[in-house]
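Trainee: What follows is a single structure, and I will ask about it in a moment.
The values are calculated or read from the model by the stated rules, or taken from the named source; none is laboratory data. Not measured: the values here are computed from a predicted model. With ideal geometry, Cβ positions are generated from the backbone for all residues, glycine too; neighbour counts draw on all protein chains shown.
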Amino acid sequence: MAMVYEHGRGVKQDMKQAYRLYCKSALTGDAISAYSIGFMYFNGRGLPRNLGMAVYWFRKAAVAGDAFSWRMAYRFRDVVPAEDPSCQEDAKLSTPAINHAEAPNHNPNRDIVAEWVNQIAPVYSIDPALVMAVIQAESAYNPGALSPKHAQGLMQLIPSTAKRFGVKDPWNPMENIKGGVAYLSWLLRHFSGNVEWTLAAYNAGENAVDRHQGVPPYQETKAYVKKILAHYPKTTHPIPPLPSEHPTDAG
């Protein structure tokens, strides 16, 4: 109904009514409604243009799982969000800020990420639990995570890896997961299902693992493998089929 009033579809266009209904829905956690309010503030569409309030709502929508809002929140990450006084929500529904530079210790988006992983991982014949353990270690479920080495998103894809596996937008959470899972699938085939070597290669590169015929003697890589195996204790994984043998694609 908010969209009906915003665009005047069969009724007289009423931006105030659209905002009121978007607000009511956004307070229940609806991502599209939160994004729509952000869009109204961003473009001055029925509301005074206010970039701070736009970013506030983009962040709300991003935390609720809207991929485009993640990109907007990242694009304007330096803008201080301004709470919308006309649309207040109960304190228990408040959402954390998105930290694009460093993944937070606790991220309530784990359930949302798990839904995406459960859609994508089986397509590549990967155990979703392994993917979740990698994401936890890489970004703590933060789709906006950015490392000093320019690794991006949930699975911390560096630009060369993103390009290698056809990821056009690493800030799109589902596309990022697809790229990371495709890389894990390739590594598991390359290392015959050896999980330790696969994880070491995800961190340090397959060439380093090939060269050392095992986990490289790098402190960071050894700690990385140990951290993930604490959550995913299996040291072997069924070897995934080649991409051409995958029956379908996710999303």
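Residue by residue, here is whether (1) farther than 20 Å from P85 by Cα; (2) in contact with a Phe, Trp or Tyr (Cβ under 7 Å, 6 or more places away or on another chain); (3) in the same structural domain as Y141 (by TED's automatic domain parsing) holds:
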{"site": "H7", "(1), (2), (3)": "yes, no, no"}
{"site": "Y19", "(1), (2), (3)": "no, no, no"}
{"site": "C23", "(1), (2), (3)": "no, no, no"}
{"site": "S36", "(1), (2), (3)": "no, yes, no"}
{"site": "L47", "(1), (2), (3)": "no, yes, no"}
{"site": "G52", "(1), (2), (3)": "no, no, no"}
{"site": "V55", "(1), (2), (3)": "no, yes, no"}
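Trainee: Are any of the residues in the stretch 103-117 under 30 Å from K149 (Cβ atoms), at pLDDT 90 or above and in a helix (DSSP H, G or I)?
Mentor: In the first step, residues of the stretch 103-117 are kept if they are under 30 Å from K149 (Cβ atoms); the result is 103-117.
Cutting the leftovers down to at pLDDT 90 or above gives us 117.
Restricting the remaining residues to those that are in a helix (DSSP H, G or I) gives 117.
Checking the stretch 103-117: at least one residue is under 30 Å from K149 (Cβ atoms), at pLDDT 90 or above and in a helix (DSSP H, G or I).
Trainee: Okay, next question. Show the residue pairs that are 6+ apart or on different chains and have beta-carbon atoms under 7 Å apart, the first residue being within the stretch 136-153 and under 21 Å from V225 (Cβ atoms), the second being among the charged types (D, E, K, R) and assigned to a helix (DSSP H, G or I).
Mentor: Final answer for the pair search is A137/K227; Y141/R110.
Trainee: Sort through A201, A162 and tell me the only one that's in contact with a helix residue (DSSP H, G or I) (Cβ under 6 Å, 6 or more places away or on another chain), within 26 Å of D111 (Cα to Cα) and among the small types (G, A, S). First the steps, then the outcome.
Mentor: Working: A201 fails: within 26 Å of D111 (Cα to Cα).
On inspection, the qualifying residue turns out to be A162.
Trainee: So, one more: Can you tell me which condition P241 does not meet? The list is (1) modelled with pLDDT under 95; (2) in contact with a Gly (Cβ under 7 Å, 6 or more places away or on another chain), and all the others hold.
Mentor: All conditions are met except number (2).
Trainee: List the pairs whose first member sits in the stretch 163-190 and is in the same structural domain as V131 (by TED's automatic domain parsing) and touching a residue at least 40 places away in the same chain (Cβ under 8 Å), whose second member is among the basic types (K, R) and in a helix (DSSP H, G or I), and whose Cβ atoms are under 8 Å apart, counting only residues at least 6 apart or on separate chains?
Mentor: Between residues of the stretch 163-190 that are in the same structural domain as V131 (by TED's automatic domain parsing) and touching a residue at least 40 places away in the same chain (Cβ under 8 Å) and residues that are among the basic types (K, R) and in a helix (DSSP H, G or I), the close pairs are D169/R71; W171/R71; N172/R71.
Trainee: If you don't mind, another one. For the stretch 156-184, which positions are of a type in the set (S, T, N, Q) and under 19 Å from A114 (Cβ atoms)? Write out each step before concluding.
Mentor: To start, the set of residues in the stretch 156-184 that are of a type in the set (S, T, N, Q) comprises 156, 160-161, 172, 176.
Matches in the stretch 156-184: Q156, N172, N176.
Trainee: Looking only at the stretch 215-237, decide whether some residue is in contact with a Lys or Arg (Cβ under 7 Å, 6 or more places away or on another chain), under 19 Å from F165 (Cα atoms), assigned to a loop (DSSP other than H, G, I, E, B) and not small (G, A, S).
Mentor: Here is the first cut: in the stretch 215-237, the residues in contact with a Lys or Arg (Cβ under 7 Å, 6 or more places away or on another chain) are 215.
Okay, now just the ones that are also under 19 Å from F165 (Cα atoms), so none.
The answer is no, given that none of the residues of the stretch 215-237 is in contact with a Lys or Arg (Cβ under 7 Å, 6 or more places away or on another chain), under 19 Å from F165 (Cα atoms), assigned to a loop (DSSP other than H, G, I, E, B) and not small (G, A, S).
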